[in-house]
Amino acid sequence: MFYEPKDGHGLPHSPFNAIVTPRPIGWISSRGADGSDNLAPYSFFNAVAYEPPQVMFSSTSAKPDRGDTKDSVANIRETGVFAVNIVEYAMREAMNQTSGAWGREVDEFVDAGIEKAACRTIDCACVAGPPAVLECRLTQIIKIEGEANFAVFGEVTGVQMRDDCIVDGMFDVTRFQPLARGGYRDYSVVRDVFQLNRPA
């Protein structure tokens, strides 16, 4: 099969998200200028550089009460900070609850029954007790092709890691089993890892 996206795929659902998979989930917490907190998962998320450490996520839709975007991007525009909370399998239901298109007045931490903690290097809330948190300062927001598509880049200014996830000096993902996004309504979980050595 071959198709050009501009012409449509002819399938019941778009295969694009199922092809680019699994994708890590950036559970983004942000704070507005008025002090309101927001928490939402984004599957267009990844690390993009080592030195200095940097991450990005993309928001691809808008809400009537936020104009051209959603709460996360709107908050980050106002305050210039955000946190990435790493999603473990045990938090899958809570993460999913925060994915709803709630009004800007809704605090997803409260709505999903998630305990908050304070970041150390930025003025932002984060999830209490996840495997890891990346505290980030905004570097740039780029408008990309599409009506409501924005790519948000941030420099990591602080890293929290849960002690039980550190084994022999290394961050062990099998200790918490990270959740990943597939296509359609599919998710996967990392339980097994293996190593490959790079050629000389």
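The values are calculated or read from the model by the stated rules, or taken from the named source; none is laboratory data. None of the values given here were measured: they were computed from a predicted structure. Glycine gets a Cβ as well: all are built from the backbone with ideal geometry, and neighbour counts include every protein chain shown. Note: accessible area is taken over every heavy atom of the protein model, side chains too, but ligands, DNA and RNA are not part of it. Shrake-Rupley method; radii C 1.70, N 1.55, O 1.52, S 1.80 Å.
Pairs needed: first member in region 32-46, farther than 15 Å from THR69 by Cα and of a type in the set (Gly, Ala, Ser); second member anywhere, assigned to a loop (DSSP other than H, G, I, E, B) and open to solvent by 30 Å² or more (accessible area, probe 1.4 Å); C-beta distance under 7 Å; at least 6 residues apart or different chains.
SER36/ASP107
I'm trying to understand the selection: among the residues of region 1-22, which are in contact (Cβ under 8 Å) with a residue 40 or more places away in the chain and part of a helix (DSSP H, G or I)?
PHE16, ASN17, ALA18, ILE19
Among the candidates ARG175, ARG104, single out the residue that is at pLDDT 95 or above and either charged (D, E, K, R) or closer than 15 Å to TYR42 by Cβ (or both).
On the way: ARG104 fails: at pLDDT 95 or above.
From the options ARG175, ARG104, the qualifying one is ARG175.
At least 2 residues that are under 26 Å from ARG77 (Cα atoms) in each: list the strands (runs of 3 or more DSSP E) lying fully within region 99-200 that qualify.
Numbers: elements: 116-118, 125-127, 132-143, 150-161, 179-181, 187-189.
Once the strands (runs of 3 or more DSSP E) in region 99-200 are filtered for at least 2 residues that are under 26 Å from ARG77 (Cα atoms), what remains is 116-118, 125-127, 132-143, 150-161.
Residues in region 156-172: is at least one of a type in the set (Gly, Ala, Ser), under 17 Å from VAL81 (Cβ atoms) and either free of Cβ contacts under 8 Å to residues at least 40 places away in the same chain or surrounded by fewer than 17 Cβ atoms within 10 Å (Cβ to Cβ) (or both)? Explain how you work it out, then say what you get.
Step one: filter region 156-172 for residues of a type in the set (Gly, Ala, Ser), giving 158, 169.
The next check asks that each one be under 17 Å from VAL81 (Cβ atoms); those that pass are 158.
Okay, now just the ones that are also either free of Cβ contacts under 8 Å to residues at least 40 places away in the same chain or surrounded by fewer than 17 Cβ atoms within 10 Å (Cβ to Cβ) (or both), so 158.
Yes, region 156-172 contains at least one residue that is of a type in the set (Gly, Ala, Ser), under 17 Å from VAL81 (Cβ atoms) and either free of Cβ contacts under 8 Å to residues at least 40 places away in the same chain or surrounded by fewer than 17 Cβ atoms within 10 Å (Cβ to Cβ) (or both).
Would you be able to say whether some residue in region 10-25 is in contact with a strand residue (DSSP E or B) (Cβ under 9 Å, 6 or more places away or on another chain) and of a type in the set (A, V, I, L, M, F, W, C)?
Yes, the conditions are met somewhere in region 10-25.
Consider ILE28 against the criteria (1) open to solvent by less than 30 Å² (accessible area, probe 1.4 Å); (2) part of a helix (DSSP H, G or I); (3) among the aliphatic types (A, V, I, L, M): it satisfies all of them except one. Which criterion is unmet?
Evaluating ILE28 over (1) open to solvent by less than 30 Å² (accessible area, probe 1.4 Å); (2) part of a helix (DSSP H, G or I); (3) among the aliphatic types (A, V, I, L, M) leaves (2) as the failure.
Table: residues versus (1) assigned to a strand (DSSP E or B); (2) touching a Cys at 6+ places or on another chain (Cβ under 9 Å); (3) surrounded by 19 or more Cβ atoms within 10 Å (Cβ to Cβ); (4) modelled with pLDDT under 95.
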{"residue": "PRO41", "(1), (2), (3), (4)": "yes, no, yes, no"}
{"residue": "PRO52", "(1), (2), (3), (4)": "no, no, no, no"}
{"residue": "PHE57", "(1), (2), (3), (4)": "yes, no, yes, no"}
{"residue": "SER72", "(1), (2), (3), (4)": "no, no, yes, no"}
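Name the single residue that is surrounded by the most Cβ atoms within 10 Å (Cβ to Cβ) among those in region 82-135 being of a type in the set (Phe, Trp, Tyr) and under 19 Å from PRO24 (Cβ atoms). If you could, list the steps in order and put the result at the bottom.
Step one: of region 82-135, the residues of a type in the set (Phe, Trp, Tyr) are 82, 89, 102, 109.
Next, only the ones that are under 19 Å from PRO24 (Cβ atoms) stay: 82, 89.
Numbers: PHE82: 28, TYR89: 16.
In this case the residue turns out to be PHE82.
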